[in-house]
Amino acid sequence: MGFMIQLPDQFSVFLPVNVMHSGSEYIELNTTRTAWVSAVPPSSLRLPKEASYSMYNSFGVILASYSFLQIMRSASGPGGSGLQTVLATKSEREVRSQTFLAMLFLSLRWAFSAGIAIMGIHYSMKHANVVIDPERVVPLVINNVLPVGIKGFVLASLLAAALTTFDTTINSASSYWTVDIYQTLIHPKASEKQLLWHARFSSVFVMLTGLFQSLDVSTINRIWGFITIALAGGLIWPFFFSWYWARFNALSCLVGVASGYLSAIALFIFAPQLEEFRTFVITASISGILSLSVCLLTRPESDKVLRQFYRFARPPGAWSHIKHICFTQDVIAKIDLENHTDLACTGLIIVAQLALYILAVSIVSKAWTQSLVLVATLIVTLTFIYLKWYVKLKDRPVGLTKNEFNDSLLG
């Protein structure tokens, strides 16, 4: 329905006032359609200091930090729901196909968000006395703009999406504690019954922790920034080193994750007004320094554990000694070629992903010239990705064939 509405050339939006300032509850900000739909972000938002979103004034720096964070997270293997869908695939080609399908589905989220924003702006312009809090625009649009049939469908869809996110997060957290920490580091010989009880206990603990933390959350923006920037920033280095450095052991990863999590929680409680890119730098630095220190002060994992991981994951990076134990020289050459091809196409895939998401917003906003440029960008990048990367992938199934092993060195 947002597609049926045309944004005017000039309009106003409302920003909530920072709780640390006094005065009116909202600030009216005049803006233009061109500024809103532009695919090129500004380096600075120039919002009033008393506005609660003024922490995003250094928008270019924040965008660069977030982009770096997402690239590092993507390079560190799937997590959460991404991990579950990857484990459900049968081959490497299916993994890549599923990834592109997920990108396509995520573009619908961008189109939905743009439609909600446009309908909210249109509603506030038609009702002069209505001031819309940006964090309450979704329920306002659903309640006052959408017709009855569509309203029920949208509500059911949003509830389903929320619940699938909740259960995935809880299951992932429970698995991390039960398998990666308790069974691996604390009690390797734990029985199935003990593991089951730890899985149940950790699930309840995660739910209660989230519930109590939500009591201190006054805005969605605060908790969203904490999760996506501060908390995620504290986790990037442990997960990244786990994939690309054979020397990085389990204890180093555990210390890095724990220190990143605790530092993010501390900043969330004691420095709530700190800009998000600064929290990102702080949590990432603490986590990275401590995890590297523990790594260099402790023994590496055994060759048996490293061989088992490398045979199936085959990651790039500092694995020279291990990969020559696991595979013959011919297989190693193929693995290196595939890894180099993956890395070479990563930049193009990022461009295609951003173009797809911005295209979804541009179509809903009726920015036709920009949409044509983005479509052309997608055609060029996706064609190159398909011909130079996707069709050249071998449909390797999960598991390995016997002739891939270097039997003389496996012992």
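No lab work stands behind these numbers, since they all come straight from the coordinates. Being a predicted model, the structure only gives us computed values, none of them experimental. Cβ placement follows ideal geometry from the backbone for every residue including glycine, while neighbour counts extend to all protein chains displayed.
For the range 198-238, what class follows from the C-alpha gyration tensor (a ≥ b ≥ c being the square roots of its eigenvalues): rounded when a/c is under 1.5, otherwise prolate if a/b is larger than b/c, else oblate?
It comes out oblate by the Cα gyration axes.
Among LEU337, LEU104, LEU374, the largest mean-square fluctuation in a Gaussian network model of the chain (Cα springs under 10 Å) belongs to LEU337. So what does log10 I(q)/I(0) come out to for the range 219-316 at q = 0.19, 0.22 Å⁻¹, using the Debye formula with one equal point on every Cα and no solvent? Log10 I(q)/I(0), no solvent term: -0.82, -0.97. Full extension of the chain segment joining LYS151 with LYS388 gains 80.9 nm, where the gain is 0.36 nm per residue of separation less the Cα-Cα distance.
Could you tell me which of GLY317, VAL373, THR89 has its Cα farthest along the dipole of the chain towards the positive end, charges placed at Cβ (Lys, Arg +1; Asp, Glu -1), taken about the Cα centre? Highest projection toward the positive end goes to THR89.
Pick from GLY233, GLY115, GLY256: which is most flexible by mean-square fluctuation in a GNM of the chain where alpha carbon atoms under 10 Å apart are linked? Residue with maximal mean-square fluctuation among GLY233, GLY115, GLY256: GLY115.
Sum up the charges of everything whose Cβ sits under 14 Å from the Cβ of ILE132, counting Lys and Arg as +1 and Asp and Glu as -1, but leave ILE132 out.
Value of the local net charge: -2.
Taking the Cα centre of the chain as origin and assigning +1 to Lys and Arg Cβ atoms and -1 to Asp and Glu Cβ atoms, the resulting dipole is close to 680 debye.
When +1 charges are put on Lys and Arg Cβ atoms and -1 charges on Asp and Glu Cβ atoms, the dipole computed for the range 219-316 relative to its Cα centre reaches about 380 debye. Taking θ as phi - 60° and the Karplus parameters 6.51, -1.76 and 1.60, the scalar couplings of the range 105-110 work out to 5, 5, 5, 5, 5, 5 Hz in sequence order, x denoting glycine and proline. If only the Cβ of Lys and Arg carry +1 and only the Cβ of Asp and Glu carry -1, the dipole of the range 143-216 around its Cα centre is close to 140 debye.
Note on the chain: with a GNM built from Cα contacts shorter than 10 Å, the maximum mean-square fluctuation among TRP110, TRP197, TRP237 falls on TRP197. Note on the range 143-216: Cα Rg divided by 2.2 N^0.38 Å, N the number of residues, gives 1.60. Counting Lys and Arg as +1 and Asp and Glu as -1 over every other residue whose Cβ lies under 13 Å from the Cβ of ALA284, the net charge comes to +1. Positive end of the dipole of the range 143-216 (Cβ unit charges, origin at the Cα centre): among TYR176, GLY210, PRO188, the Cα lying farthest that way belongs to PRO188. Ranking LEU254, ILE227, VAL305 by how far each Cα lies toward the positive end of the dipole of the range 219-316 (charges on Cβ) leaves VAL305 at the top. If you wrap the chain in the convex hull of its Cα atoms and look at it from every side, the mean projected area works out to 23.3 nm². The convex hull drawn around the Cα atoms of the range 219-274, when projected onto a plane and averaged over every direction, covers 3.9 nm². The helix-based estimate of mean residue ellipticity at 222 nm for the chain, built from -39,500 (n - 2.57) per DSSP H run of four or more residues and divided by its residue count, is -21000 deg cm²/dmol to the nearest 500. Along the range 284-301 the Karplus relation, 6.51 cos²θ - 1.76 cosθ + 1.60 evaluated at θ = phi - 60°, assigns HN-Hα couplings of 5, 5, 4, 4, x, 5, 5, 5, 5, 5, 5, 4, 6, 9, 10, 6, x, 5 Hz to successive residues, with x for each Gly and Pro.
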